[in-house]
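Notes to accompany the following structure.
The values are calculated or read from the model by the stated rules, or taken from the named source; none is laboratory data. Computed from a predicted model, the values in this text were never measured in an experiment. Virtual Cβ from ideal backbone geometry, glycine too; neighbours counted across all protein chains shown.
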């Protein structure tokens, strides 16, 4: 024990956390009852309510062996998990992440063109061409893994105590994770992506641009990029963190998830801290890039409605400053207040906008598009999931680099942020509820959203390119020379009440970003403070200010080019997370096999099997006795 005491003093962790953190159980029923968390139920150990391990009793893994009998290593979740403890800054993680962030900012300020060229070369000339198949395989693998967990017996396990109830209402829960996960992306690409694939079908399909056949493939491909796969990627990380933190009582860190695989010594050492630094780094620059793009989108909207001629640097920095103040204010108010409130507003406004377009747009065409899109998606899923650069030549490689592989890399780059935030708001739900809620519900909403926005835009596109002028259509795509926000606003110009609709779009873009950025600030605070679910305000404010500063500096220094460099760099930084996520799946599976509920079920099954065998043997003995007497 003396060795562990030294390590504990150095890294500031509770002694019990050097081994399996689940060993930090209450010493008896009274200790659990005293917590009263989540509805006041006593948390006194395992599913049967009995404390299974005394407080601070380290299992064999604490010695660094990394292997142990699962029965011995599956104590109950603690009365007070590590995630619930008072926030304490992890100085090495915080310092390294801050220094690296400042170094990248300096690079972007001094040589913005070099930042873009280096990151673009590495991404498009090395990572995507030679490692694209890794993204293709792993993305589909995460879908299979998540669905397998949902339908397995592990699906009944709670992400928390067995009697613990969810912290948030289901509607608020869905709204928050949707806003954080891709709400702003749907605003950007809701009309743009379907129109792009309609006017320029994927290579190898041989479809006529703007044809009905191209429309079906456009919807299927769009849903492929925005439904099952991205949300399964988020679900895997979110589930692993939620289970580790709220069921096993470990800190809410990405590194803590690897305890079953690496042992407590490595997850609390340099390797674990490196994982957490990468998570902060990816979250910071991914969120900063989105903040800059959000400012450009809002500025473009102001130009589209005629309020300004063109957004200059001063206006864009002003937009960034306002959005930064808003999301910091929301973040420091807490998840239960700021983020939940903003997310609920988002969902109401988004629903109003969607219903408006459905009613004033091509209503019947949109309604018909929903079942068609589902059928097209299911039919074309095997082909879409298996697309690689092996066929189709350079055209296919370029298309995959721009779309599918780029998307998978981008979603994975956001997993530290979105996964941790989804875990934070999912306490008290079962694994099955979690996976269905995280994958099925947002996928269904995305289907409806793209059917409405994409359907309206594709209807205008087809009417504008059918050679019949004066039918109310327009070529929205224009050979790919227009940006995402222009297509959205041009579509709205062909519908009634353009100005109110355009204003709602700008408000939604702003609030979607604020609700996502404040969640990112909270997550970076959590990563900086040993996994605390309630990080200190000064840390949250620090990361929020840095996020805004990164976006502003890169916009001033390099304009859109600087932001492109940030996006590419974010994905490059996140490439190691592909392998981190594979290891995370293995670690989670190993953890679930030794869950107290599963062990209890296994013990009951073994007992029933033994009873059955005993009774079977008794019947055989009686039959042998009867035969002997007859002789």
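Condition first: closer than 11 Å to residue 198 by Cβ and either out of contact with any helix residue (DSSP H, G or I) (no Cβ under 6 Å at 6 or more places or on another chain) or part of a loop (DSSP other than H, G, I, E, B) (or both). Can you find one or more residues in region 477-492 that meet it? Yes, the conditions are met somewhere in region 477-492.
Counting only helices (runs of 4 or more DSSP H) wholly contained in region 241-305, the ones carrying 3 or more residues that are over 23 Å from the mean Cα position of the chain (by Cα) occupy 264-267, 270-304.
For region 389-405, the condition holds for at least one residue, the condition being that it is part of a loop (DSSP other than H, G, I, E, B), more than 21 Å from residue 544 (Cα to Cα), modelled with pLDDT under 85 and in contact with a helix residue (DSSP H, G or I) (Cβ under 7 Å, 6 or more places away or on another chain). The set of residues in region 453-476 being touching a residue at least 12 places away in the same chain (Cβ under 8 Å) and in a loop (DSSP other than H, G, I, E, B) consists of 465, 466, 472, 473, 474, 475, 476. Does residue 433 fit the bill of being crowded, with 24+ Cβ neighbours inside 10 Å and part of a helix (DSSP H, G or I)? No, not satisfied.
Those helices (runs of 4 or more DSSP H) of region 61-157 in which at least 1 residues are over 27 Å from residue 552 (Cβ atoms) and modelled with pLDDT under 85, considering only elements entirely within it, cover 128-151.
Looking at region 170-231, the helices (runs of 4 or more DSSP H) lying wholly inside it that each contain 2 or more residues that are buried (at least 24 other Cβ atoms within 10 Å of the Cβ) and modelled with pLDDT of 95 or more sit at 192-199, 212-226. Quick check, is residue 312 over 20 Å from the mean Cα position of the chain (by Cα), free of Cβ contacts under 8 Å to residues at least 24 places away in the same chain and under 17 Å from residue 187 (Cα atoms)? Taking the combined requirement at face value, the residue does not satisfy it. Inspect region 329-336 for any residue being assigned to a helix (DSSP H, G or I), under 23 Å from the mean Cα position of the chain (by Cα) and under 22 Å from residue 190 (Cβ atoms) and give the result as yes or no. Scanning region 329-336 turns up no residue that is assigned to a helix (DSSP H, G or I), under 23 Å from the mean Cα position of the chain (by Cα) and under 22 Å from residue 190 (Cβ atoms).
In region 521-536, the condition of being in a helix (DSSP H, G or I) and surrounded by fewer than 24 Cβ atoms within 10 Å (Cβ to Cβ) is met by no residue. The numbered conditions (1) more than 30 Å from the chain's Cα centre (by Cα); (2) touching a residue at least 24 places away in the same chain (Cβ under 8 Å) are all true for residue 609 except (2).
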